[in-house]
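First the structure, in the form of structure tokens, and then the observations on it.
The values are calculated or read from the model by the stated rules, or taken from the named source; none is laboratory data. This structure is a prediction, so every number in the text was calculated from the model and none was measured. Note that we place each Cβ from the backbone using ideal geometry, even for glycine, and neighbour counts take in every protein chain shown.
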Amino acid sequence: MTALTILMITSAYLAGSISSAMLVSSLFYLPNPRLHGSGNPGATNILRLGGRLPAILVLLFDVLKGTIPVWFSYYLGFSPLILGFVAIAACLGHIFPLFFSFKGGKAVATAFGAMLPIGVELAGALIACWGLVVFATGYSSLAAISAVALSPIITYFVKPEYTLPVSMLAVLIILRHKDNLIRLFRGQESKIWEKGKASGLTKPPKKH
């Protein structure tokens, strides 16, 4: 592994470690997303705690955390496997952020951003899958798991050379959702529109 490869993987991890949910929460004076709502510092929890604008900002930044390192690595001529390592590093940064006590989110948006360079066909299919599952069930976690689980299959038909790195990424994200899967089976998972509903955590303080 060359020094440039190590540099890109490290840079991807550091970029992923920047928690947009924490920064946006501070900017909009929202409760700490790691302690309120679902406890996950991601766009869905920010939507529950603060509404659409903060959630959109978190979503966009989290997507870019995955897209930018992978794009740079692609133009540097790295192989699909190395691109997969860069993508995983960005997601691991989001999940275990160096700058926020290694307590991060599920990295769904970051993983999606890392897959964007593969092509609009994959991106469109993943968005469609996520949207259909959310519309049908109301569960953002189930939608994310479903889309991620389908991503290697879709990639195989779009750009088969990227099937392995996308599969690696999919396994990481699904494993990260193990608690969500347990709550889904038990019927305890919060739906996306249930603003402020917690899963055993403190609810945000009421405004007076």
*So Ser26 clears everything in (1) under 17 Å from Asn180 (Cα atoms); (2) surrounded by fewer than 24 Cβ atoms within 10 Å (Cβ to Cβ) except one condition, right? Which one?*
(1)
*Of the conditions (1) assigned to a loop (DSSP other than H, G, I, E, B); (2) under 14 Å from the mean Cα position of the chain (by Cα); (3) of a type in the set (Phe, Trp, Tyr), Tyr29 clears all except one; give me its number.*
(2)
*asked:* Quick check on the range 2-23: of everything there that is touching a residue at least 40 places away in the same chain (Cβ under 8 Å) and assigned to a loop (DSSP other than H, G, I, E, B), which residue is surrounded by the fewest Cβ atoms within 10 Å (Cβ to Cβ)?
replied: Ile18
*Can you tell me which of Thr163, Thr202, Thr137, Thr155 is more than 17 Å from the chain's Cα centre (by Cα), of a type in the set (Ser, Thr, Tyr) and at pLDDT below 90?*
Thr202
*Return the pairs, sorted by first residue and then second, in which the second residue is β-branched (Val, Ile, Thr) and outside any helix (DSSP H, G or I), the first residue lies in the range 60-80 and is closer than 25 Å to Pro41 by Cβ and free of Cβ contacts under 8 Å to residues at least 60 places away in the same chain, the beta carbons are less than 8 Å apart, and the residues are 6+ apart or on different chains.*
Phe61/Ile18; Lys65/Ile18
*asked:* Under 7 Å between Cβ atoms, which residue pairs at least 6 apart in sequence (or on different chains) link something in the range 91-120 that is without any contact (Cβ under 8 Å) to a residue 60 or more places away in the chain and closer than 21 Å to Leu47 by Cβ with a partner that is among the basic types (Lys, Arg) and not in a loop (DSSP other than H, G, I, E, B)?
replied: Gly113/Lys65
_Where Asn40 falls short, out of the listed (1) touching a Phe, Trp or Tyr at 6+ places or on another chain (Cβ under 9 Å); (2) more than 28 Å from Leu81 (Cβ to Cβ)_ = (1)
